[in-house]
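**Student:** Quick one: this structure, given as structure tokens, is what I'll be asking you about.
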Amino acid sequence: LLFDFGDVFIDLDKEAPNIEMEKIGIQSFSKEMLETNRKYETGKIDTSEFLDYYQKAIPNSSKKTISEAWNSIILDFPEERLAFIEQLKKENRYRLFLLSNTNDLHIEQVKMSMGLERFKRFQNCFEQFYLSQEMKMRKPNSNIYEFVLHENNLVANETLFIDDSKENTLSASKLGILCWNLQV
């Protein structure tokens with residue numbers, strides 16, 4: 001079983017960063033900003049470079065304010081979801097993997113909001129914990145799914161991928177991966 005993280009386990013408010021960035025001076029994300037976001041999510045730039053870029057783009061902003069606006073997407077991680085994945089791990093019937101498009105600022109926020117002990121419990125449920133920033137790849141690009149399949153000797157048509165993004169499940173399904181587009 002291959003799981004996404006956001007809106008599968010942890011609740012997200014996908015509109016919040018737009019609202020919060022608007023409050024500090026970004027009316028809409030330019031092509032350059034969207035490209036910077038993709039570079040950050042794929043580890044082509046680090047957190048310092050990411051925050052420097054936005055601090056230059058938003059006059060009179062602070063790195064703290066930018067980080068808070070960026071992290072406003074992160075909501076809660078319901079206990080029943082942690083119990084669910086821990087039960088799956090305990091049953092030991094399936095190999096469990098996580099594959100998430102994410103970045104260091106978001107992961108640090110998740111650790112802080114969940115608590116490090118709960119985060120480690122969650123992380124320890126998975127055979128591999130794949131984050132796009134560390135992999136230098138992102139969904140929906142096929143190379144990220146091919147990598148996970150190859151690295152773990154998984155057979156596409158024996159692998160179920162659960163993700164909230166239709167774009168991601170469509171891309172994975174083109175490789176023969178079974179998909180569930182989870183809508184919350």
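**Student:** Are any residues in the stretch 136-169 assigned to a helix (DSSP H, G or I) and within 22 Å of LEU12 (Cα to Cα), and if so, which ones?
**Tutor:** Across the stretch 136-169, the qualifying residues are LYS166, GLU167, ASN168, THR169.
**Student:** Moving to a separate point now. Taking interchain pairs and intrachain pairs at least six residues apart, which have beta carbon atoms under 8 angstrom, with the first residue in the stretch 170-184 and loosely packed, with under 14 Cβ neighbours inside 10 Å and the second part of a loop (DSSP other than H, G, I, E, B)?
**Tutor:** Within 8 Å, the pairs are LEU170/PRO140; GLN183/ASP164; VAL184/ASP7; VAL184/ASP11; VAL184/ASP164.
**Student:** OK, next. State which residue is least open to solvent (accessible area, probe 1.4 Å) when the search covers only the stretch 91-117 and only residues that are without any contact (Cβ under 8 Å) to a residue 40 or more places away in the chain and basic (Lys, Arg).
**Tutor:** Here the residue is LYS111.
**Student:** Now for a different question. Among the numbered criteria (1) touching a helix residue (DSSP H, G or I) at 6+ places or on another chain (Cβ under 6 Å); (2) closer than 18 Å to PHE126 by Cβ; (3) of a type outside the set (Phe, Trp, Tyr), which single criterion is violated by ASN103?
**Tutor:** Of everything listed in (1) touching a helix residue (DSSP H, G or I) at 6+ places or on another chain (Cβ under 6 Å); (2) closer than 18 Å to PHE126 by Cβ; (3) of a type outside the set (Phe, Trp, Tyr), ASN103 misses just condition (2).
**Student:** Take the stretch 65-90 and flag every residue that is under 17 Å from TYR40 (Cα atoms) and open to solvent by 80 Å² or more (accessible area, probe 1.4 Å).
**Tutor:** GLU68
**Student:** For residues that are of a type outside the set (A, V, I, L, M, F, W, C), in contact (Cβ under 8 Å) with a residue 12 or more places away in the chain and part of a helix (DSSP H, G or I), scanning just the stretch 49-64, find the one that is surrounded by the fewest Cβ atoms within 10 Å (Cβ to Cβ).
**Tutor:** Among those residues, the one meeting the criterion is LYS63.
**Student:** Taking only the stretch 170-184 into account, find how many residues are touching a strand residue (DSSP E or B) at 6+ places or on another chain (Cβ under 8 Å), in a loop (DSSP other than H, G, I, E, B) and farther than 25 Å from LYS14 by Cα.
**Tutor:** 1
**Student:** Considering only the stretch 17-48, state which residues are within 19 Å of the chain's Cα centre (by Cα), open to solvent by less than 60 Å² (accessible area, probe 1.4 Å) and not small (Gly, Ala, Ser).
**Tutor:** PRO17, MET33, THR36, ASN37, TYR40, GLU41, THR42, ILE45, THR47
**Student:** Could you list all residues from the stretch 118-135 that are assigned to a helix (DSSP H, G or I) and open to solvent by less than 90 Å² (accessible area, probe 1.4 Å)?
**Tutor:** ARG118, PHE119, ARG121, PHE122, GLN123, SER132, GLN133, MET135
**Student:** Sticking with this structure for a sec: Filter the stretch 152-169 down to residues that are among the hydrophobic types (A, V, I, L, M, F, W, C) and out of contact with any strand residue (DSSP E or B) (no Cβ under 7 Å at 6 or more places or on another chain) and give me whichever is most open to solvent (accessible area, probe 1.4 Å).
**Tutor:** Within the stretch 152-169, the match that is most open to solvent (accessible area, probe 1.4 Å) is VAL155.
The values are calculated or read from the model by the stated rules, or taken from the named source; none is laboratory data. Values in this document were obtained by computation on a predicted structure and should not be read as measured data. Glycine also receives a Cβ, built like all others from the backbone with ideal geometry; neighbour counts cover every protein chain displayed. Remember, those area values only see protein heavy atoms, side chains included, never the ligands or the DNA or RNA. Shrake-Rupley method; radii C 1.70, N 1.55, O 1.52, S 1.80 Å.
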